[in-house]
Amino acid sequence: MASAELVEAFARFEGLTLPELSARFEASEARFRAWAGDPANAGRPISEAPDYVDRIALDSLIERRMWHE
């Protein structure tokens, strides 16, 4: 994963409220689970999943908001 992609993801999401972040994460998680459950993706690294970088950024921002705000 390129760090520039992660920085861009943080920039896209950091202005959202906690409920907005949670909703985005839930949607991203649903897409990830669908991708992971598809037999065509068996054995592929999770870093190839859509929303991989977004999920990392969203999860990190949610955790930060819950503990620091």
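The values are calculated or read from the model by the stated rules, or taken from the named source; none is laboratory data. All values derive from a computational prediction rather than experimental measurement. Counting neighbours? That spans all protein chains shown, and the Cβs are built from the backbone with ideal geometry, glycine included. The accessibility values were calculated without ligands, DNA or RNA, using every heavy atom of the protein model including side chains. Shrake-Rupley method; radii C 1.70, N 1.55, O 1.52, S 1.80 Å.
Summary table below
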read-out: The range 1-62 - accessible surface per residue (Å², probe 1.4 Å); value: 61 Å²
read-out: Heavy-atom SASA rank of Arg44, Arg65 (probe 1.4 Å, accessible area, largest first); value: Arg44, Arg65
read-out: Exposure ranking of Ile62, Ile46 by accessible area [1.4 Å probe, largest first]; value: Ile46, Ile62
read-out: Net charge dipole size for the chain [Lys, Arg +1 and Asp, Glu -1 on Cβ; Debye, nearest 20]; value: 100 debye
read-out: 222 nm mean residue ellipticity, helices alone, for the chain (DSSP H n ≥ 4; -39,500 (n - 2.57); rounded to 500); value: -23000 deg cm²/dmol
read-out: Helix 52-68 axis, angle to the chain major axis (alpha carbon atoms, nearest 10°); value: 30 degrees
read-out: Cα-based helix-to-principal-axis angle, 3-13 vs the chain, degrees rounded to 10; value: 60 degrees
read-out: Folded to 0 to 90 degrees: helix 18-37 orientation relative to the chain principal axis, Cα; value: 10 degrees
read-out: Simple spin-label estimate for Ile46 and Ala34 in nanometres, 7 Å along Cα-Cβ; value: 1.9 nm
read-out: Where Rh is the Kirkwood radius over Cα pairs, Rg/Rh for the chain; value: 1.01
read-out: Of all accessible heavy-atom area on the chain, the percent that carbon and sulfur account for (1.4 Å); value: 56 percent
